[in-house]
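J.: Structure in structure tokens, see below.
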Amino acid sequence: MTRISKALGRIQPSATLAMTAKVTELKAQGIDVIGLSAGEPDFDTPDFVKEAAIQAIRDGDTNYTTVDGTAALKQAIVDKFARDNDLTYTTKQVCANSGGKHTLFNALVATLDPGDEVIIPAPYWVSYPDIVNFAGGKPVFIAAGADQNYKITPEQLEAAITPKTKWVLLNSPSNPSGAAYSAKELKALGAVILPHENLMVMTDDMYEHIWYADFAFSTIAQVCPELFDRTLTVNGVSKAYAMTGWRIGFAGGPEWLIKAMAKLQSQSTSNPCSISQAAAVAALNGPQDFLVERNAAFERRRDLVVSMINDTPGLQCPTPEGAFYVYPDASELMGKKTPKGAVIKTDEDLIAYFLEEAQVAAVHGAAFGLSPAFRISYATSEEILTEACTRIQRACVALT
């Protein structure tokens with residue numbers, strides 16, 4: 001008899017959180033390391049959101065709430081989906097959870113039986129396959145490399161669907177690549193999904209408000225209304241509103257699924273933090289104009305990093321449409337030797353080399369299911385990004 005459950009044995013610790021912890025440890029030792037591994041904005045939570053939280057404390061809103069969200073937050077979520085996505089939900093069709101990861105966890109654990117398949121495009125956010133594995137399902141990966149701008153094709157999707165497929169999981173704009181599907185591309189994927197009547201779509205739109213240039217965000221239930229009753233649209237306040245620590249995610253979907261997720265939540269975390277819910281109401285209902293200014297800053301950083309990475313020998317970096325990540329392809333660096341004679345065999349070797357020799361922390365591509373590559377978060381200042389990319393350039397030039 002083992003002390004650890006088989007379910008827990010099917011998952012791995014988060015590679016992104018592990019690298020962030022490593023950066024914190026190195027900085028505590030006085031090492032001048034630049035951390036580009038954390039997936040959170042460097043902007044502060046807007047003041048009007050903070051004030052709403054403070055007022056909630058003063059008003060005594062510190063008790064249990066409805067398991068999956070207060071009436072005020074659910075209405076704010078309904079209004080947000082109508083305003084931003086042209087999606088019409090009732091309050092019985094939305095829920096609030098303790099972060100987007102919690103939303104995904106609830107939905108997958110509530111619906112997957114052993115052997116059920118979930119299609120996950122790669123590169124993917126590190127938690128997707130682990131949550132599927134924990135729930136007893138089977139992740140089915142579709143690889144989309146830099147040559148496809150990290151986006152799957154309808155033909156790839158059709159080939160991956162089997163009678164056991166229960167979910168297709170889409171993330172746009174993407175963590176880790178920043179790639180985002182246009183309305184036309186989503187319609188093409190939806191046309192593949194539609195004939196498979198038992199197949200559902202889970203779309204992670206956490207980076208919905210972070211996109212650039214001429215791109216315009218769309219979500220699949222919006223452009224494929226025929227899939228509305230088979231789609232769970234997942235979002236949250238973490239990224240756009242710089243509220244990662246507040247831990248509020250939310251979703252809109254069919255009432256039966258929302259009810260099932262609430263049932264699971266009632267026996268796990270119960271309600272999200274009451275103060276965080278009040279803050280999320282303010283974020284969703286309040287002024288949105290600050291997003292434009294922040295996106296402009298993110299776009300300048302993106303252009304800086306893409307330019308410097310593409311000027312680096314051995315690296316190829318597509319220009320992402322959104323989020324605040326780039327995902328350089330490092331194929332040409334495999335097999336190279338470091339100044340100390342070590343051979344770079346994997347992207348994990350490359351990231352270890354960057355950390356040791358250049359004091360730059362990124363996350364290796366294997367953690368996201370597509371190698372050899374790595375993820376850089378550019379959610380920091382242009383000055384820091386310039387220094388980090390300069391260090392990476394020097395490290396790559398030193399390889400032979």
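J.: I need two numbers for the chain: Rg to one decimal and Dmax as a whole number, Cα atoms only, in Å.
T.: Answer for the chain, Rg first and Dmax second: 21.0, 64 Å.
J.: If the cut-off is 18 Å between C-alpha atoms, which lysines fall inside it for residue 50, apart from same-chain ones fewer than 8 positions away?
T.: Partners within reach: 239.
J.: Ok, one more. Positive end of the charge dipole of the range 233-387 (Lys, Arg +1 and Asp, Glu -1 on Cβ, about the Cα centre): tell me which of 369, 290, 339 has its Cα farthest that way.
T.: Value: 369.
J.: When the helix-only estimate is applied to the chain (DSSP H runs of n ≥ 4, each -39,500 (n - 2.57), divided by the residue count), what is the mean residue ellipticity at 222 nm, nearest 500 deg cm²/dmol?
T.: -12000 deg cm²/dmol
J.: When the Cα centres of the range 228-261 and the range 269-285 are compared, how far apart do they sit, in Å?
T.: 12 Å
J.: When the chain is modelled as a GNM with alpha-carbon springs shorter than 10 Å, which of 154, 320, 195 fluctuates the most?
T.: Among 154, 320, 195, the largest GNM mean-square fluctuation belongs to 195.
J.: Here's something else I'd like to know. Kindly express, to the nearest 10 degrees and within the range 0 to 90, the angle between helix 100-111's C-alpha long axis and the longest C-alpha principal axis of the chain.
T.: Computed tilt is about 60 degrees.
J.: Oh, and also: After finding the eigenvalues of the alpha carbon gyration tensor for the range 117-236, what semi-axes result from the square roots of 5 times each, listed largest first in whole Å?
T.: Over the Cα atoms of the range 117-236, the ellipsoid semi-axes are 20, 17, 14 Å.
J.: Assigning unit charges at the beta carbon (Lys, Arg +1; Asp, Glu -1) and nothing else, what dipole magnitude in debye, to the nearest 20, does the chain show about its Cα centre?
T.: Dipole size: approximately 1080 debye.
J.: Take the alpha carbon gyration tensor of the range 1-150, find the square roots of its eigenvalues, order them as a ≥ b ≥ c, and report rounded if a/c is under 1.5; if not, report prolate when a/b exceeds b/c, else oblate.
T.: oblate
J.: Please go through the range 273-349 and write out the trypsin sites (Lys or Arg not before Pro) that DSSP classes as loop and that have at most 11 other C-beta atoms within 10 Å. Walk me through the numbers on the way to the answer.
T.: On the way: sites: 294, 300, 301, 302, 336, 337, 340, 345; in loops: 336, 340, 345.
The qualifying sites are 340.
J.: Right, another one. Could you give the length gained on full extension between residue 299 and residue 382, defined as 0.36 nm per residue of separation minus the Cα-Cα distance, in nm?
T.: 28.8 nm
Read-outs throughout are calculated quantities, based only on the coordinates presented, and are distinct from any laboratory measurement. These numbers come from a predicted model, not from an experiment. With ideal geometry, Cβ positions are generated from the backbone for all residues, glycine too; neighbour counts draw on all protein chains shown.
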